[in-house]
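Peer 1: I am attaching a structure below and will ask some questions about it afterwards.
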Amino acid sequence: MSAISASEKVDGFTRKSMRKAQKQRKSQGSSQYRTHTAPVELSPLPQLKDAPSTEQQELFTQKLQQCCMLFDFLDSVTDLKSKEIKRATLNELVDYVSTNRGVLVEPAYPEITNMICTNIFRVLPPSDNPDFDPEEDEPTLEAAWPHIQLVYEFLLRFLENPDFQPSIAKRYIDQKFVLQLLELFDSEDPRERDFLKTILHRIYGKFLGLRAFIRKQINNIFLRFIYETEHFNGVAELLEILGSIINGFALPLKAEHKQFLMKVLIPLHTAKGLALFHAQLAYCVVQFLEKDPTLTEPVIRGLLKFWPKTCSQKEVMFLGEIEEILDVIEPTQFKKIQEPLFKQISKCVTNPHFQVAERALYFWNNEYILSLIEENIDKILPIMFGSLYRISKEHWNPTIVALVYNVLKTLMEMNCTLFDELTSSYKADRQRKRKKTSIISSMADNISACNNECEFRGSRHLVLIIIIIWTFMLF
Amino acid sequence: LREGEVSKMAGADGDDSLYPIAVLIDELRNEDVQLRLNSIKKLSTIALALGVERTRTELLPFLTDTIYDEDEVLLALAEQLGNFTMLVGGPEYVHCLLPPLESLATVEETVVRDKAVESLRKISQEHSPVDLEVHFEPLVKRLASGDWFTSRTSACGLFSVCYPRVSSTVKAEIRQHFRTLCSDDTPMVRRAAASKLGEFAKVLELEYVKSDIISLFTALASDEQDSVRLLAVEACVSIATLLPQEDLETLVMPTLRQAAEDKSWRVRYMVADKFSELQKAVGPEITKNDLVPAFQNLLKDCEAEVRAAAANKVKEFCENLPEDNREQIIMTHILPCVKELVSDTNQHVKSALASVIMGLSTILGKDNTIEHLLPLFLAQLKDECPEVRLNIISNLDCVNEVIGIRQLSQSLLPAIVELAEDAKWRVRLAIIEYMPLLAGQLGVEFFDEKLNTLCMAWLIDHVYAIREAATCNLMKLVEKFGAEWAQNTIVPKVLGMANDPNYLHRMTTLFCINALSKACGQEITTKQMLPVVLKMSNDQVANVRFNVAKSLQKIGPILDSNALQTEVKPVLEKLASDTDMDVKYFAQEAISVLALA
């Protein structure tokens, strides 16, 4: 719910200052849902390192249980002492699982996971700002972070402990656990998402039985993001994990993976907030193509289908991705896609937004792309020529014009004869067009003269058709 | 339809009426999306020209093949096909439309899919019961067991339209398919199923509602995803309406109670948002025992979103309480929560409450309103958030009916006077708009004593919208209190402003005259107003001068012809030769309108 009310927006003047004021206020949210019982005051337990080794396990359990107590961090004055005790205990626990061997005995697993679940699994609070723009606005930070951070730290150390046994842990770190973990990726707090990313990655690595499930759930999150809500804060983090997952796919790729590429990753390009995760997305796409080059054609066709129509910023990103793809493309694949692709590129170079034109023209600085173009110059030059020639005369931006001259020069050097042919036919074409417009306008006069003479509607049509046919024969 | 169709069709028998149609058909294949789109939008024209036979055998197969296109084109196509029954030859052939719509119902883009489902629902009604079983129901089955989630989500919307008109064996199959989709492992499909659960329940026989729907409802309401659970709340309304009262307690209430306490605020929000509907659906007894405490909890929820949604429902909830002990429930259970909400930390909660709280006065009656509600109104009138104040002011009339304006004004007047000078102009505007009503009920004397100064002060507000509203307000007051009152109290003050050093205030005089002259009548206008207007024609600010011309044009019809000829005409003629272009223009306009040339 917006902190800026409708009535304040109407004035038009207040909004900006309100937004600013809102930004200055560090917004914090938390979502520990009604702790039914008021927190009991915690009393400090003895240090684990001071306890005799026979009692350590028992004390460890007690400390884990103590850390299940949740506190209200939106209220910064209550339970200060207990909050501090819990913080110190969590620190000690982190230290304990990361430095000691032999502490992860079987009975400890349920206690550990219970402590983790109690602390981190919660329904994320409503966003403070429904028009939250991740590129512009400060995120709402998790108020309970002083505790939650340590719990994440603990979870990570637990997973990374050399004694950690997935075969025991899988009873607790199950599908439900993963599902709740994935939901947390929607957190607005980037610190939390960062921890989640590492943790999920570890879980994916250690629990073979959960892999397919994790992929499937990520799939669902993305589909929901694309087609239902357009809102999910953790897309970039999930894509980053996927990037390395894709890297590990066995060949030949399973149908499931190909479907993920075509039905999820490609449509992800349509998202409004593409800028937030485009780098990771492009990386995933390129990973796929490096694995299986035959996917190049459908991928590029997919990108062309979703090519941005009005958003120049996105168009620049698409061009960047195309260049990344071209960097790894196989010449045979290039031939399959060159025509539709260069039709699009030829549109981009004429784009009045100079960044789009510039980005497209930069392709000609890439040695590998140049070699591909040269190999197929007879196909590509005719597609590109008209646009390049036209903007070399017409583009408003001098940098673009200079770039175009270089590109034209490079292309000319690749096939001089074809270039000359195209130049002369282009000029002839333009002259013809100019003549055509003058003829058509004179013909329009003829028609209107005809119209005055012809009384019957049918014969008027006939005249019109004859004139059109005649026009076509003429040119 | 092949290329070259154009010339063939246009050429045949020299029948050039088909020529435009041929162009449209060719445009269906054009590279330019816009042209394809235009052509699709004229699809009915094409079909009409082709005739039912060729539409069925050529156009529809062609369209089914073009399904791979831009979503925009597909959306238009999906919509068009819903109205195609007559164009394929009437209900007898309507099933021809199923193949293209089936493909459209499987595409990724939600908008297209939804439109395709909408069209399918529409044409399902035009199928005969036999066709429904032979053609339509198999399509639903195919969609329901599709590989990709899109077709399964589409299927969810089609069960309820064919269920009532098929045989009992097919009905059993449909129920089975719906059951399967409710436990689909894709949350998107479960969401689609949950959102159609209520609609499907309505067409089922009561025994199946009890045996099938309730178990599905319970399962969906405890789904692992909150986005599914919250949809079950919506379904709860329809299901509760269908069941006999005695079954509600065992079949619906456990789930509803659980939803009101859900750990996800989204689900609780949904419960709060649907509270009035739920209340009506479960009836007075359950409301008293279950919903009152649930509502109290929602009003005290830890998330502001939920509290705001619940606050919005306070009035409706109270209104719908069983009358026998309504007052007691409100006083002991609801009002304490409402009192807390008045000083909530979140302004949206307060503003939601402010928009409905006044409605409680009609329910609670005069004495309770004065004793319990007035202090709350006053507190909200003084709230720091302008939206809260505004919501209170704009609902004053319902309290007025209960406690009478005098009581209201005595307690609220100080607050209203304070708001008349509020820093937010929208709040001031709301107060002004309330003035004529207030004045009418208070009577002249009271008004002169307490509010007249305020009304005059608004005339020199620094926001134009306020000055304009103040002018309009004066007119309404004169209509209420009469010309004599105007002459004594308003007109002298208005005319006095003609000598103000600020030209904006001088213009306000003119605007007031425009508004008041008709209500004041010929005598006051001629004797008191006209001289002032005429004198202002010498103003040094051009804006004032051209407004003089406009004012003269406006009040001219009220004046007698003598005054027009001897006094107005010379002044307008002088203005018509002013150095300023606009002054000249408006003077000339006035001369021609008043026919003084």
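Taken together, the values in this text are just the output of simple stated rules run on the coordinates, not laboratory data. Not measured: the values here are computed from a predicted model. FYI the Cβ positions are ideal-geometry reconstructions off the backbone, even for glycines, and counts take in every protein chain you see.
Peer 1: Measure nothing fancy, just the Cα-based angle from helix B:425-442's long axis to the longest principal axis of chain B, in degrees from 0 to 90, nearest 10.
Peer 2: Approximately 70 degrees, to the nearest ten.
Peer 1: While we're on this one: Could you work out the pair-distance distribution P(r) of the protein assembly as shown from its alpha-carbon pairs, with 10 angstrom bin width and percents rounded to whole numbers?
Peer 2: Using 10 Å bins, I get a P(r) of 2, 8, 11, 14, 16, 16, 15, 11, 5, 1, 0, 0 for the protein assembly as shown.
Peer 1: Please state, rounded to one decimal and in Å, the Kirkwood hydrodynamic radius that segment B:119-225 gives when every pair of distinct Cα atoms enters the mean of 1/r.
Peer 2: Taking the inverse mean of 1/r over all distinct Cα pairs, segment B:119-225 comes out at 13.8 Å.
Peer 1: Rounded to whole Å and ordered largest first, report the semi-axes of the equivalent ellipsoid of segment B:340-426 derived from its Cα gyration tensor (root of 5λ).
Peer 2: Equivalent-ellipsoid dimensions as semi-axes: 20, 16, 10 Å.
Peer 1: Just want the answer: with Cβ charges of +1 for Lys and Arg and -1 for Asp and Glu, which residue in B:Leu216, B:Ile363, A:Pro126 is farthest toward the dipole's positive end in the protein assembly as shown?
Peer 2: A:Pro126
Peer 1: With the radius of gyration and the Kirkwood radius both derived from the Cα set of segment A:242-302, what is their ratio Rg to Rh?
Peer 2: 0.94
Peer 1: First obtain the Kirkwood hydrodynamic radius of chain B from its Cα pairs, then insert it into the Stokes-Einstein equation at 20 °C and 1.002 mPa s, and state the resulting D in µm² per second as a whole number.
Peer 2: 71
Peer 1: Right, something else. Let me know the Kirkwood hydrodynamic radius for segment A:357-430, please, with Cα pairs as the basis and the value in Å to one decimal.
Peer 2: Evaluated over segment A:357-430, this radius sits at 12.5 Å.
Peer 1: Let me ask something else about it. Could you give the size of the charge dipole of the protein assembly as shown about its Cα centre, using +1 on the Cβ of each K and R and -1 on the Cβ of each D and E, expressed in debye and rounded to the nearest 20?
Peer 2: 1320
Peer 1: Based on alpha-carbon positions alone, could you give the equivalent ellipsoid semi-axes of segment B:237-339 from the gyration tensor, as √(5λ), descending, whole Å?
Peer 2: 20, 18, 10
Peer 1: While we're here: Quick check on the exposure proxy: order A:Arg101, B:Arg389, A:Arg430 from fewest to most C-beta atoms within 10 angstrom.
Peer 2: Neighbour counts put them in this order, fewest first: A:Arg101, A:Arg430, B:Arg389.
Peer 1: Where does segment B:163-229 land on Rg(C-alpha)/(2.2 N^0.38 Å)?
Peer 2: Relative to the rule-of-thumb radius for its length, segment B:163-229 sits at 1.08.
Peer 1: Over the Cα atoms of segment B:51-206, each weighted equally, I'd like the Debye log10 I(q)/I(0) at q = 0.12, 0.17 Å⁻¹, rounded to two decimals.
Peer 2: For segment B:51-206, the Cα-only Debye profile gives -0.48, -0.95.
Peer 1: Over all directions, average the projected area of the Cα convex hull of segment B:317-388 and note it in nm².
Peer 2: Answer in nm², one decimal: 4.5.
Peer 1: Over the alpha-carbon set of segment B:313-470, work out the extent along each principal axis and list the three values in angstrom, largest first.
Peer 2: 51, 35, 20
Peer 1: Between segment A:112-173 and segment B:192-219, how far is it from one alpha carbon centroid to the other, in angstrom?
Peer 2: 37
Peer 1: Distance between the C-alpha centers of segment A:185-233 and segment B:321-397? Whole Å please.
Peer 2: Value for the Cα centre distance between the two parts: 44 Å.
Peer 1: Now a separate question. In the calculated pair distance distribution of segment A:296-412, what percentage of Cα-Cα distances lie above 20 Å?
Peer 2: Across segment A:296-412, Cα pairs with separations above 20 Å total 36 percent.
Peer 1: Using the Cα centre of chain B as the reference point, and only Cβ charges (+1 on K/R, -1 on D/E), how large is the resulting charge dipole? Debye, rounded to the nearest 20.
Peer 2: Dipole size: approximately 1480 debye.
Peer 1: Excluding the sites themselves, what is the longest stretch of chain B that contains no GluC sites (Glu not before Pro) in a DSSP loop with at most 11 other C-beta atoms within 10 Å?
Peer 2: B:32-383
Peer 1: Work out the P(r) tail for segment B:441-581: percent of alpha carbon pairs separated by more than 28 Å, whole number.
Peer 2: Here the long-distance tail beyond 28 Å is 17 percent of all Cα pairs in segment B:441-581.
Peer 1: Got a sec? Charge dipole of the protein assembly as shown, +1 on Cβ for Lys and Arg, -1 for Asp and Glu; which of A:Gly273, A:His395, B:Pro570 is way out at the positive end?
Peer 2: Final value for the positive-end residue is B:Pro570.
Peer 1: Related question: Please report, in debye to the nearest 20, how large the charge dipole of segment B:399-499 is about its Cα centre when each Lys and Arg carries +1 at its beta carbon and each Asp and Glu carries -1 there.
Peer 2: For this selection, approximately 160 debye.
Peer 1: While we're looking at this one, here's another question. I need the Debye-formula profile for segment A:153-228: one equal scatterer per C-alpha, no solvent, reported as log10 I(q)/I(0) at q = 0.18, 0.22, 0.27 1/Å, two decimals.
Peer 2: Listed by q, the Debye log ratios stand at -0.75, -1.07, -1.42.
Peer 1: Given only helices, namely DSSP H runs of n ≥ 4 each adding -39500 (n - 2.57), what is the per-residue ellipticity at 222 nm of the protein assembly as shown, to the nearest 500 deg cm²/dmol?
Peer 2: Value at 222 nm, helices only: -20500 deg cm²/dmol.
Peer 1: Next up: Can you give the net charge of the other residues whose Cβ lies under 12 Å from the Cβ of A:Phe260, counting K and R as +1 and D and E as -1?
Peer 2: Net local charge, A:Phe260 excluded: +4.
Peer 1: Give me, ordered by chain and number, the residues 5 or more places off A:Leu141 or on other chains with an amide H under 5 Å from its own placed amide H.
Peer 2: A:Ser27, A:Gln28, A:Gly29
Peer 1: How many percent of all Cα-Cα pairs in segment B:17-133 sit more than 20 Å apart?
Peer 2: 37
Peer 1: For a footprinting-style exposure proxy, rank B:Cys472, A:Cys284 by other Cβ within 10 Å, fewest first.
Peer 2: If I rank by nearby Cβ atoms, fewest first, I get B:Cys472, A:Cys284.
Peer 1: Hey, could you pull the Cα Rg and Dmax for segment B:147-301, both in Å?
Peer 2: 15.4, 50
Peer 1: Considering only B:Ala483, B:Leu35, B:Leu97, whose Cα is most displaced toward the positive end of the charge dipole of chain B, charges sitting on Cβ of Lys, Arg (+1) and Asp, Glu (-1)?
Peer 2: Going by the Cα projections, it comes out as B:Ala483.
Peer 1: Another question about this same structure. So what's the gap between the Cα centers of segment B:67-128 and segment A:316-346, to the nearest angstrom?
Peer 2: Distance between centres, Cα-based: 36 Å.
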